[in-house]
Amino acid sequence: MTTAPAPFDPEQEFVTPPLYTLNLSAAQRCVLDWTERQDGLFAYITIPVAHAAAGMELAESTVYDALARLTAIGLVVRDEAGGHRINARYFFSANPDLRRLVAAALVDPPITPDARAAAPRKVGNTDARRRRSIRSV
């Protein structure tokens with residue numbers, strides 16, 4: 001006999017350890033912030049280490065070490081092509097209002113179009129008059 005899986009609870013699923021408990025170095029925080037500013041929250045990005053290091057005023061080896069640690073603890077996710085993205089769980093744990101909105105979206109019923117949605121759009125009186133009048137050019 002199998003039991004039904006527990007319902008999805010974003011308050012439990014999206015919770016991560018607080019950032020201050022991870023004992024991140026200043027360079028690791030800089031790399032995390034730089035990745036976020038380069039839209040690394042939403043898509044995998046290629047991190048040009050030389051460019052990033054120059055922008056953060058760090059040595060390239062420090063950026064490589066920071067990326068390795070952030071990837072090892074799971075704060076940054078790496079794909080097969082070598083791109084990096086910030087872990088979505090970190091983003092949701094830092095934004096509890098957004099986490100609650102996602103939870104509501106997962107629980108709310110889906111939106112389904114009815115017969116009226118498939119009907120042609122009703123044109124207002126003003127629009128109908130504009131279409132009927134012929135103006136000289």
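The values are calculated or read from the model by the stated rules, or taken from the named source; none is laboratory data. None of the values given here were measured: they were computed from a predicted structure. Quick reminder, even Gly has a Cβ in these numbers, built from the backbone with ideal geometry, and neighbours come from all protein chains shown. Quick note on the areas: whole protein, heavy atoms, side chains included, nothing else; ligands and nucleic acids left out. Shrake-Rupley method; radii C 1.70, N 1.55, O 1.52, S 1.80 Å.
Tabulated results
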| read-out | value |
| --- | --- |
| Answer residue from the range 77-89, given it is surrounded by 12 or more Cβ atoms within 10 Å (Cβ to Cβ) and of a type in the set (G, A, S) and is farthest from T21 (Cα to Cα) among those | G83 |
| Long-range neighbours under 9 Å by Cβ, at least six apart or interchain, first residue within 25 Å of P18 (Cα to Cα) and open to solvent by 50 Å² or more (accessible area, probe 1.4 Å) within the range 47-76, second among the basic types (K, R) and part of a helix (DSSP H, G or I) | none |
| Filter result (open to solvent by less than 50 Å² (accessible area, probe 1.4 Å) and closer than 18 Å to D33 by Cβ) within the range 92-116 | F92, S93 |
| From the options R29, R99, residue that is touching a residue at least 12 places away in the same chain (Cβ under 8 Å) and among the basic types (K, R) | R99 |
